[in-house]
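Since the structure comes first, as structure tokens, the remarks are kept for the end.
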Amino acid sequence: MTKVAILSSHNGSGFDTLYQASQKKELDIEIVLLVSNNSTSLALKNAKKCNIKNQLVNTQTDSNPDAKIYELLEQSQATYVFLSGYMKKVSKEIAENFKVINSHPALLPKFGGKGMYGRFVHEAVIQNKEEVSGVTVHEVNEVYDDGKIILQKEIILLSEETAQSLESRIKALEKTAIVEAFKQCLK
């Protein structure tokens, strides 16, 4: 069974997706750790409910959060680290020593990089009058949204599409994409 750690800043919908897939035996994984930089993170609360080791790590809890996260990842013996809406850049040390995977709510390389997350991505897609959008699951390196693409899934934008409706449709698509990407990685 492959050990997976999760880094999440807010809701952790990707954590929920992976946890459910592991419980249904759809993926042969064990989530061994969830780390959040946000004390009010829903992901932290959900990890506690699921009896998964979890920890808050930020500049208020640790003088060197990256080093603390690295230490926790090593202790957890995770092979994979999944970024579930993690709003901090992953350190080079983590990117080089773990298989770090991210799900991005657009078709990279478009609409990626610093500041391109959540509704900002969807607003940019609508503003740019794109005909398609989607989800990219990719490996993480030290550059925002730059790692090797594992898979992309796309949807056609509707004529009356709003950033809110697009976000909702992308979130649904993301659940499938995350599970499919892990299946590919775990072969």
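The values are calculated or read from the model by the stated rules, or taken from the named source; none is laboratory data. As the structure is a computational prediction, the values presented were derived from the model and not from experiment. Here the Cβ positions follow ideal geometry from the backbone for every residue, glycine too, while neighbour counts run over all protein chains shown. Just so you know, the surface numbers come from the protein's heavy atoms only, side chains and all, with ligands and any DNA or RNA stripped out. Shrake-Rupley method; radii C 1.70, N 1.55, O 1.52, S 1.80 Å.
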Residue under evaluation Gly147, criteria (1) in contact with a strand residue (DSSP E or B) (Cβ under 7 Å, 6 or more places away or on another chain); (2) modelled with pLDDT of 95 or more, criterion not met: (2)
Failed condition for Ile155, given (1) of a type outside the set (Ser, Thr, Tyr); (2) within 15 Å of Ser103 (Cα to Cα); (3) modelled with pLDDT of 95 or more: (2)
Pairs with Cβ under 7 Å, 6+ apart, first in segment 93-116 and at positive phi, second open to solvent by 40 Å² or more (accessible area, probe 1.4 Å): Gly113/Tyr144
Failed item in (1) more than 21 Å from Lys183 (Cβ to Cβ); (2) without any contact (Cβ under 8 Å) to a residue 40 or more places away in the chain, with Gln23 passing the rest: (1)
Subset of segment 153-187 [under 14 Å from Glu130 (Cβ atoms), in a strand (DSSP E or B) and open to solvent by 40 Å² or more (accessible area, probe 1.4 Å)]: Glu154, Ile156
Residue list for segment 49-71, filter: out of contact with any strand residue (DSSP E or B) (no Cβ under 9 Å at 6 or more places or on another chain), farther than 15 Å from Gly12 by Cα, open to solvent by 40 Å² or more (accessible area, probe 1.4 Å) and in a helix (DSSP H, G or I): Asp66, Ala67, Glu71
Residue check for Tyr86: farther than 18 Å from Leu18 by Cβ and of a type in the set (Phe, Trp, Tyr): no
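If the requirement is being small (Gly, Ala, Ser) and open to solvent by 10 Å² or more (accessible area, probe 1.4 Å), which of these qualifies: Ser13, Ser8? Before the answer, list the steps.
Working: Ser8 fails: open to solvent by 10 Å² or more (accessible area, probe 1.4 Å).
Only one candidate qualifies: Ser13.
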